[in-house]
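Any read-out appearing in this document is the output of simple, stated calculations on the displayed coordinates, not a laboratory observation. Source: prediction; values computed, not measured. Cβ sites come from the backbone with ideal geometry, for glycine too, and all protein chains shown count toward neighbours.
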Amino acid sequence: MDGQSIEFQRSDLRKVELVGGGSRSPTVQEVVTKVLDVESSQLSFTLDIRASLSRGAAVALSFTTSDGDGTAEASLRSAESEWVEMDNVNQTQHKLREDLERFISSMRTAIAESEGAPEKEKLDGTVVAPLLDEAEELTWEAWTPDFGDRCEAARIKLDGEIHKLCPGFFEAKAAAKANYEAELDKLAKEAKAEKDAAGPSDEDHDRRKLKASKRLRNANIQKKEGNELFAGKNYLPATVRYVKALKELGGDKFAGELTEEEEAERNSLLVSCQLNAAACWLKLKKPIKAEANCSQVLVR
C-alpha cells in the first residue's frame, strides 16, 4: 500500500465477517474467536461470497489509488458506515427468518405433544404439517433484501391459519397456562401463610454456613419429599422441593472444607435434583425449563 504501514490492534475489531459454508462450523468459529481475541457475538454472517469480494475489492482500490490527501481514508470510512448500517439491517432480516424457523419447530413439537390429548384439543398434524412444510420452503429461498420481512409475513399468516384450523388446541393451551399460574399463586399463598404462622426464622434468608452433615441432611429431606410428590403426580410442588434441595447445596452454604465423601454426596445430590426437577418440568410441558436444569448438569 504505497510503502505505508497501518497500525492495527485486535481491540480495533468491531465485527468479523465470515463467509462460506465452513464458517458455520462451531470449530471454525471457535478458532477465529481465539486467534482474533473477539467474542462470538462479534462474528457476522451477513455476506455471500460475491458481496464479500466486492467489499474487499473496494477497500483494496481505495488504498491503491490513495493520493496522500486523506480522500481515500474518508471514502473508506464513509463506506464502512454504510456497511455497518447494512449489517444492522441484514441482522434484523436474519432474525425474522429465525423467528419463522422457531415457530415452525414449536408447532411440530406441539403436534407430537398433543397426540394423546382429546380430539378437540389436538393440533391436527394432517392439516397443520403441510402448512408448516410450505412455510419452511420459504426459509430455503435465496437471500433478498426483504427476505426477513417476507418470513415475518409468512409467520403471521401461518399462525392465523393454524388458530382457525385448531382453535381447541389453543383454548386448551391457554386454560393450562391459567391453571399453572393459579397453582403457582396458590403455592405462593400457602408458603406465605406457613411462613407467617411460623414467625421469624433464620431460614427466611439462610446465609448461614452450616456443617456439611446438616446441609446434606436437609437436602436429602427436600429431595425425598420431592420424590414422594412426584410419585403422586404433584409435579409443581415436587419441583419446589428439588429447588430447595439445590439451595441447600450451594457452595457458600458450607462451613469449612468438605471431605471427599461429602463432596461426592453433594455432587450426586446436585445432579439428581437437577434431573428430577427437569423431569417435573417435562411433565408440566415446560421443555425450556427442563433444558435449563439439564444444562446445569452438563456443565458440571
Starting with the highest mean, order 241-247, 221-227 by the number of other Cβ atoms within 10 Å, averaged over the residues of each peptide. 241-247, 221-227
Non-local residues with an amide H under 5 Å from the amide H of Lys211, with H modelled 1.01 Å from N and Pro and chain starts lacking one, are Ala255
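Given Lys95/Lys122; Lys214/Lys285; Lys15/Lys289; Lys120/Lys285; Lys122/Lys186; Lys95/Lys177, which pairs have Cα atoms separated by over 23 Å? Display every interim value, and only then the final one.
On the way: Lys95/Lys122 29 Å; Lys214/Lys285 34 Å; Lys15/Lys289 32 Å; Lys120/Lys285 19 Å; Lys122/Lys186 28 Å; Lys95/Lys177 27 Å.
Violating the 23 Å Cα-Cα cut-off are Lys95/Lys122; Lys214/Lys285; Lys15/Lys289; Lys122/Lys186; Lys95/Lys177.
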Quickly rank 32-43, 128-139 as a protection proxy: mean count of other C-beta atoms within 10 Å, highest first. 128-139, 32-43
